[in-house]
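Readers should treat all values here as calculations from the given coordinates under stated rules, not as data from a laboratory. Note that the coordinates shown come from a computational prediction; the quantities given were computed from them, not determined experimentally. Glycine also receives a Cβ, built like all others from the backbone with ideal geometry; neighbour counts cover every protein chain displayed.
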Amino acid sequence: MGYADSVRKIPAAAVSTVGADMLSRLLRVDSGLTIRLRLSARTLPDIRSANVLGEIRGWEKPEEIVLVGGHLDSWDKGTGAHDDASGCVQAIEVLHLVKRLGIRPRRTIRAVMFMNEENGMRGGLGYAQDSNRAGETHVALIESDRGGFAPRGFTLDADSLVLQKVRSWEPLFEPLNAGRFVRGYSGVDISSMVKKGVPGFGLLVEAHRYFDYHHSANDTIDKVNPRELEIGAVVEALLCLLISERGL
Ligand SMILES: [Zn+2]
């Protein structure tokens, strides 16, 4: 819900898909159904907050960044296990995997946990504002924000030359059943940098169950399958390393 400054604000509420499905079922039984909403939420004053970053510096081109990330904040109905703790731990795990494999990447691989995706995207906007610091350039931006489900590939927000290049890597992802590279939206946190022309990648997952959990009290860690979550991290690590070694 957003307002132009000149418009008088009225109370607004968001209904999760789980809640909307329940209302729909109840309405079918009783078309005269009325509900009573008690809204206790308030918008508190802004406070200072931060994105969290970690990286493995590239040995040849440290100023060229391959970014992988998710967002730290979540709706407080559940604990945000799928949306988006999964994306955060996968980004950390990418660095962990690269380190454990003893690989020194050619370009810098940076894991970023963005703040405030759900309520204004200010972590993503702040990062984009800072992104020209110290002569850095971003080669690619990868986001996982569709839940910690089994990965199937990536959606790409990039030109056809990048798409063509990445598609030539598909066989490397096929043993993980994650070799689908298709055009599409990449992610909210990275969107303002993608708009500036940096190629964006969104982890594409088997998301049929996402809206059983999304923005509801059901979004808790017991709904995340550890194996599926781990394979997502492996797929992201593979993409990061390929881009780091070969460029785009
Ligand atoms: Zn999210």
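General remarks:
- Pairs of Lys residues in the chain are counted when their Cα atoms are under 29 angstrom apart and they lie 8 or more places apart or on different chains; the count is 10.
- Highest average first, the peptides 112-122, 19-29 ordered by how many other beta carbon atoms sit within 10 Å of their residues are 112-122, 19-29.
- With Cα atoms defining each centre, the stretch 73-90 and the stretch 99-119 are spaced 17 Å apart in the structure.
- Within the stretch 13-143, all pairs of alpha-carbon atoms sorted by distance into 10 Å bins from zero give the percentages 11, 31, 25, 16, 11, 5, 1.
- Over the stretch 52-246: Rg over Rh, Cα atoms, Kirkwood Rh: 0.94
- Helix 17-29 and the long axis of the chain differ in direction by around 30°, with both axes built from C-alpha atoms.
- Cβ crowding within 10 Å, taken as a proxy for footprinting-reagent exposure, orders Trp59, Trp169 from fewest neighbours to most as Trp59, Trp169.
- Pairs of alpha carbons in the stretch 162-248 whose separation is greater than 16 Å (percent): 63 percent
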